[in-house]
Structures are given as structure tokens and as C-alpha cells.
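Down below is the structure, laid out as C-alpha cells.
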């Protein structure tokens, strides 16, 4: 195979470059240290700020009793008639009050879905969901409105912390899907105009309960 002089010259330059190690321009950026500054405030506060910046609706509950009050008040105010939830422990505080509205089938016809989550990422305001949850892959994205109920002991600082925690939790049996949901669905594909709720829920509520 004949190689042109110009190509051979370029290959020589590449070989020469590869034969000499190039010092890292920013050596301190390599390794296990995070490139982000450590939290200067509580993780709950950081998550709330980042989550609301992304148009999420954040509700803090001091205990299970307040969760029951806040959640039932929201359902009444919004007049949701079909509340999809398959995770019994999440709706236990309100199950007797809304037994006629809570459904475990017909996700496509529900007004809102309620799920738990794996973790909350404070730095990005993201909700980490997995296919290992009882609600499965679709409950958090298929319904027009998503309510997530989480606890303060599920808060982590960064995405890598969530991935590390998931590996420690599941070991060799990692879920087939991990999703990082960051606020309501948004897209600007249509004439470069930001539209909310096209490819997922148009509203996301996060109830954070003190653990």
C-alpha cells in the first residue's frame, strides 16, 4: 500500500508525539477529588434551591404526619380523581382518605402518579430512579404529573455519589436502568421555543420527609 508523502509526514508527527508523554496541564483535576466545590449549606437546602430553579415544586415535611396533611391537601386542591401508585408504603398515610381515588392500573388514564426514588442529588436537583423500584420504568414519566416522595437519608451530594451508593446497594445485581430526572420534561426542539411537558411530566412535585 502506497502512502502519500504528506500522509507519511503526518504519521511521523503522530508517532513522535506519542513517544513522549505530555504533562497534564491541570494535574490537580485528576484523581478521585470532585471538581465541584463542597457544599456550603445543608444538602436539603441545596437540593431545594436547585430543584426549584428547574421548575420543580418542593415540599418539606418534618414527619409522616405532615406528609399526610400536605399530600392530601394537594390532592384535594388539584381535584385529582385518579392517583396512580403501586408502592403501598408511600400512600399508607392517605390510603383510607382517598381509597376511591388511588389506582394501581390504568397509568395512561391517571391524573398523577406517585413514586419513591433511589436518591436525590443535591448539586443538580436531580431525582434518581431505577427499574428496581416497584413502580417500574414508566410511572415517573408517563403520567402528566409526577409526585416523588423521598427522605433526607436519600440525599447525596453529586451524581458519582449516587452511582457509588447504587453499586453498594445492589452489588452484582444492578438495575437494568438508572434515570436522573431533573425537573419537568423540557425541550426547545420546536422552533427553538422552550416547551414543558412534551416528553414527560409537565409538573414534578418532590415531598422531602425528615428521616
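Where a number appears in this text, it was derived from the coordinates with a stated rule and is not lab data. This is a predicted model, so every value here is computed, not measured. Cβ atoms come from the backbone with ideal geometry, glycine included; neighbour counts cover every protein chain shown.
Brief remarks follow.
- Per-residue packing, averaged as other Cβ atoms within 10 Å, sorts the ranges 142-149, 84-91 into the order 142-149, 84-91, beginning with the highest.
- Counting neighbouring beta carbons within 10 Å and listing from fewest to most, the residues 176, 131 come out as 176, 131.
- Label-to-label distance, residue 153 versus residue 65, with points set 7 angstrom from Cα along the beta-carbon direction: 2.1 nm.
- Placing R0 at 41 angstrom, the Cβ-Cβ distance between residue 81 and residue 49 gives a FRET efficiency of 0.80 after rounding to 0.05.
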